[in-house]
């Protein structure tokens, strides 16, 4: 794994590239997201084919990968923000150039299916990325989310992510994670999640409690949970089973992760519900189950 390199900070007024690496975009929601970030002071630029559609994807694999690498190579673009997740990032990583991505040092922002790109950047390109909001939303980004994103890209020290402590004390380690489904799907790939000495953060949407159980068991059986020094759980949205009232998603998580003698914090403000606050993937952080918080200890960018 390459030595970790941080992206360059993004100042107010900088240009951000809009990329659609996964599902096809809804044009009205995309426009609303772009206007929100323009209101935060950025210049947003997008390709003419960003609204392309091929089945459920935002165009063919070559188009989506070419869009990504095009903004990597564009000297006028300081960073990239994703349109949405869904599915498709697994299909384009083989078309990406890790050397060019590492040398460009541009922050990438996204979550959900973009977890794949964030893990790939960390393990293959050796570059910090940002687990944060995407542009296409049912509702535009709220002020707290915008402030969190702008601060992270500028290199400001953020306030802690606050949730509910479930025991285990305090620990420090690298922040890694993302969508639980995509973390499990990374196993056996070049971008396999590395949890050694790490604080593992995850969120999920639409998976029934038994499916969450299976995903966590897959990580456990692969040694990923034993290697972590703490666990932080974000939003678990729509993770219910119409046939079974119990166990709930929260009960499954507590039953499995509570068996590890490390800090556990649930209900953290990131994932598929507001607020979806931004945090850097790969830098050092601290988790404190007594205080119920996760703290980013270093910036994900270099000013």
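Looking at the structure I just gave you, is residue 177 surrounded by 23 or more Cβ atoms within 10 Å (Cβ to Cβ) and at pLDDT 95 or above?
Working: surrounded by 23 or more Cβ atoms within 10 Å (Cβ to Cβ): yes; at pLDDT 95 or above: yes.
So residue 177 passes the test.
Being in contact with a strand residue (DSSP E or B) (Cβ under 7 Å, 6 or more places away or on another chain), in the same structural domain as residue 58 (by TED's automatic domain parsing) and at pLDDT 95 or above is true for just one of 105, 100. Which residue is that? Can you show your working first?
On the way: 100 fails: in contact with a strand residue (DSSP E or B) (Cβ under 7 Å, 6 or more places away or on another chain).
None of the other options fit; the residue is 105.
Before we move on, is residue 136 in contact (Cβ under 8 Å) with a residue 60 or more places away in the chain, within 16 Å of the chain's Cα centre (by Cα), surrounded by fewer than 24 Cβ atoms within 10 Å (Cβ to Cβ) and part of a helix (DSSP H, G or I)? Give the derivation first.
On the way: in contact (Cβ under 8 Å) with a residue 60 or more places away in the chain: yes; within 16 Å of the chain's Cα centre (by Cα): yes; surrounded by fewer than 24 Cβ atoms within 10 Å (Cβ to Cβ): yes; part of a helix (DSSP H, G or I): no.
Spelling it out, it is not the case that residue 136 is in contact (Cβ under 8 Å) with a residue 60 or more places away in the chain, within 16 Å of the chain's Cα centre (by Cα), surrounded by fewer than 24 Cβ atoms within 10 Å (Cβ to Cβ) and part of a helix (DSSP H, G or I).
Mind telling me which of the residues 215, 236 ends up being assigned to a strand (DSSP E or B) and under 18 Å from the mean Cα position of the chain (by Cα)?
Details: 215 fails: assigned to a strand (DSSP E or B).
Unique residue meeting the criteria: 236.
Is the range 154-164 home to any residue that is surrounded by fewer than 24 Cβ atoms within 10 Å (Cβ to Cβ), in contact with a strand residue (DSSP E or B) (Cβ under 8 Å, 6 or more places away or on another chain) and part of a strand (DSSP E or B)?
Keep residues of the range 154-164 that are surrounded by fewer than 24 Cβ atoms within 10 Å (Cβ to Cβ), which gives 154-160, 162-164.
Filter again for in contact with a strand residue (DSSP E or B) (Cβ under 8 Å, 6 or more places away or on another chain), leaving 154-155, 157-158, 160, 162-164.
This time we only want the ones that are part of a strand (DSSP E or B), so: 162, 164.
Yes, because at least one residue in the range 154-164 is surrounded by fewer than 24 Cβ atoms within 10 Å (Cβ to Cβ), in contact with a strand residue (DSSP E or B) (Cβ under 8 Å, 6 or more places away or on another chain) and part of a strand (DSSP E or B).
So if I check each of 55, 41, 70, 17, which one is closer than 20 Å to residue 116 by Cβ and over 22 Å from the mean Cα position of the chain (by Cα)?
Values: 41 fails: closer than 20 Å to residue 116 by Cβ; 70 fails: over 22 Å from the mean Cα position of the chain (by Cα); 17 fails: over 22 Å from the mean Cα position of the chain (by Cα).
Exactly one residue qualifies, and that residue is 55.
Can you name every residue in the range 27-57 that is surrounded by fewer than 16 Cβ atoms within 10 Å (Cβ to Cβ) and closer than 28 Å to residue 191 by Cβ?
Once the filter is applied, which keeps residues that are surrounded by fewer than 16 Cβ atoms within 10 Å (Cβ to Cβ) and closer than 28 Å to residue 191 by Cβ, the range 27-57 yields 45, 49, 53, 54, 55, 56.
Suppose we filter 255, 207, 250 for residues that are at pLDDT 95 or above and outside any helix (DSSP H, G or I); which single one remains? Write out each step before concluding.
On the way: 255 fails: outside any helix (DSSP H, G or I); 250 fails: outside any helix (DSSP H, G or I).
Going through 255, 207, 250 in turn, just one is at pLDDT 95 or above and outside any helix (DSSP H, G or I): 207.
Any idea which of 149, 200 is outside the structural domain of residue 232 (by TED's automatic domain parsing) and either crowded, with 17+ Cβ neighbours inside 10 Å or in a helix (DSSP H, G or I) (or both)?
Numbers: 200 fails: outside the structural domain of residue 232 (by TED's automatic domain parsing).
After ruling out the rest, the residue left standing is 149.
Only one of these is part of a helix (DSSP H, G or I) and either over 22 Å from residue 101 (Cβ atoms) or at pLDDT 95 or above (or both): 50, 72, 77, 81. Name it. Walk me through how you get there before you give the answer.
Values: 50 fails: part of a helix (DSSP H, G or I); 77 fails: part of a helix (DSSP H, G or I); 81 fails: part of a helix (DSSP H, G or I).
Within the list 50, 72, 77, 81, the selection yields 72.
Residues to consider are 219, 183, 212, 225; find the one that is surrounded by fewer than 21 Cβ atoms within 10 Å (Cβ to Cβ), in contact with a helix residue (DSSP H, G or I) (Cβ under 7 Å, 6 or more places away or on another chain) and either touching a residue at least 60 places away in the same chain (Cβ under 8 Å) or on the phi < 0 side of the Ramachandran plot (or both). Steps first, please.
Numbers: 219 fails: surrounded by fewer than 21 Cβ atoms within 10 Å (Cβ to Cβ); 183 fails: surrounded by fewer than 21 Cβ atoms within 10 Å (Cβ to Cβ); 212 fails: surrounded by fewer than 21 Cβ atoms within 10 Å (Cβ to Cβ).
Answer to the selection: 225.
The values are calculated or read from the model by the stated rules, or taken from the named source; none is laboratory data. Note that the coordinates shown come from a computational prediction; the quantities given were computed from them, not determined experimentally. So basically every Cβ, Gly included, is an ideal-geometry build from the backbone, and we count neighbours across all protein chains shown.
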